[in-house]
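Data first, discussion second: the structure below is written as structure tokens.
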Amino acid sequence: MGATKRLGEMIIQYYSERSQTCFSAVRFGNVLGSHGSVVPMFKRQIEEGGPITVTDPEVARYFMTIPEASRLVLQAGSMAKGGEIFILEMGEQIKIVDLARKIIRLSGLRPDIDIEIKFVGLRPGEKLNEELLMDEETTAATQAKGVMVSTCTAQIPEDLTERLEALRVCLDRNNSDIITCLVAQVPTYNPDENQVYYGEA
């Protein structure tokens, strides 16, 4: 569970308590073929003759198709009363290297023979496995199959807008200042003090 994603949920919950608009969030993993998905990148690398780059042979992520994600998000939205965090059931995590090999084969080529797979190492702060739940979080079933709802009752700070402004100011500073500010906004965020984080928290 990324710190910036959790902050986004906190913003949704904050405004849900202060608005007549029904605000809810839906949390899920990666969507195959969507903007930012590894699939278009792998296809482009194959078209260029390789190599396909993967961070680590053990790195794994949750995946679902665009139709699956769309259907479940619409179902979650239809149940929303305001302030909920819906979580989509994602099944088992898939190793990125296995996905890369499958895409190579679907392209009519042979992994490690026609197209090299190159391991480039995890980026600072990147995890081997994806986490959809915080340590203290549990879920409850809903009437929709594949859609759960978080039972987390974390308190949302009353001064969240002021905290967001402080974070906005930090964006013009160095990474350490940004991380320090983000930790102040998201109590469950525990960065490794020995690493410098870029982009995704």
Checklist outcome for this item: Selection from the range 32-47 of residues assigned to a loop (DSSP other than H, G, I, E, B) and either under 20 Å from Lys127 (Cβ atoms) or in contact with a helix residue (DSSP H, G or I) (Cβ under 8 Å, 6 or more places away or on another chain) (or both) yields Leu32, Gly33, Ser34, Gly36, Ser37
Next on the checklist: So Gly50 passes all but one of these: (1) outside any loop (DSSP other than H, G, I, E, B); (2) at pLDDT 85 or above; (3) not aromatic (Phe, Trp, Tyr). Which condition number does it fail?
Outcome noted: (1)
Item to check | Test: residue in the range 63-72 that is hydrophobic (A, V, I, L, M, F, W, C), modelled with pLDDT under 90 and surrounded by fewer than 20 Cβ atoms within 10 Å (Cβ to Cβ) | outcome: yes
Next on the checklist: Take the conditions touching a Cys at 6+ places or on another chain (Cβ under 9 Å) and surrounded by fewer than 16 Cβ atoms within 10 Å (Cβ to Cβ) and apply them to Thr138. Does it pass?
Outcome noted: yes
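Can you tell me which of Met64, Met79 is under 18 Å from the mean Cα position of the chain (by Cα) and touching a residue at least 24 places away in the same chain (Cβ under 8 Å)?
Details: Met79 fails: under 18 Å from the mean Cα position of the chain (by Cα).
Sole residue among the options that is under 18 Å from the mean Cα position of the chain (by Cα) and touching a residue at least 24 places away in the same chain (Cβ under 8 Å): Met64.
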Checklist entry - Got a sec? Which of Gly50, Gly2, Gly8, Gly108 is small (Gly, Ala, Ser), closer than 30 Å to Ile156 by Cα and out of contact with any Phe, Trp or Tyr (no Cβ under 9 Å at 6 or more places or on another chain)? => result Gly8
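Would you say Lys95 is modelled with pLDDT of 85 or more, in contact with a Pro (Cβ under 9 Å, 6 or more places away or on another chain), surrounded by fewer than 14 Cβ atoms within 10 Å (Cβ to Cβ) and not polar (S, T, N, Q)? First the steps, then the outcome.
Numbers: modelled with pLDDT of 85 or more: yes; in contact with a Pro (Cβ under 9 Å, 6 or more places away or on another chain): yes; surrounded by fewer than 14 Cβ atoms within 10 Å (Cβ to Cβ): no; not polar (S, T, N, Q): yes.
In short, no.
The values are calculated or read from the model by the stated rules, or taken from the named source; none is laboratory data. All values derive from a computational prediction rather than experimental measurement. Backbone-built Cβ (ideal geometry, glycine too); neighbour counts: all protein chains shown.
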